[in-house]
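Asker: Got a structure for you, questions after.
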Amino acid sequence: MYVCVCKGVTDHQIRQQVSDGARSWRDVREATGCGTQCGKCACFAKSVTREAVQEARAEADMGLAYAI
Ligand code: FES
């Protein structure tokens, strides 16, 4: 779904940015332009980013657990 109408950014694109290494709202905003026009999407976009980062960290922790 579209998170940012102004820049045409979807939740999938935010999750993809995190998958590609973004670890903060700032990283996602700079990569996608999300939230840089009217700013109305920023609160929801931050929450999507936060959730994606938590999932990425949990997956990384699982990877470490299997590596030990
Ligand atoms: Fe994202 Fe306007 S909806 S900047």
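The values are calculated or read from the model by the stated rules, or taken from the named source; none is laboratory data. Predicted model only: the values in this text are computed from it and were never measured. As a convention, Cβ positions derive from the backbone with ideal geometry for all residues, glycine included, and neighbour counts pool all protein chains shown. Protein only, heavy atoms only, side chains kept; ligands, DNA and RNA dropped before computing areas. Shrake-Rupley method; radii C 1.70, N 1.55, O 1.52, S 1.80 Å.
Asker: Report whether or not Glu55 is more than 15 Å from the ligand (Cβ to nearest atom) and either assigned to a helix (DSSP H, G or I) or touching a residue at least 12 places away in the same chain (Cβ under 8 Å) (or both).
Answerer: yes
Asker: Filter region 11-48 for residues that are more than 24 Å from Ala60 (Cβ to Cβ) and open to solvent by less than 90 Å² (accessible area, probe 1.4 Å) and give the result.
Answerer: Selection gives Gly33, Gly35, Thr36, Cys38, Gly39, Cys41, Ala42.
Asker: Kindly check whether there is at least one residue in region 54-65 that is surrounded by 15 or more Cβ atoms within 10 Å (Cβ to Cβ) and either on the phi > 0 side of the Ramachandran plot or modelled with pLDDT of 95 or more (or both).
Answerer: Within region 54-65, none of the residues are surrounded by 15 or more Cβ atoms within 10 Å (Cβ to Cβ) and either on the phi > 0 side of the Ramachandran plot or modelled with pLDDT of 95 or more (or both).
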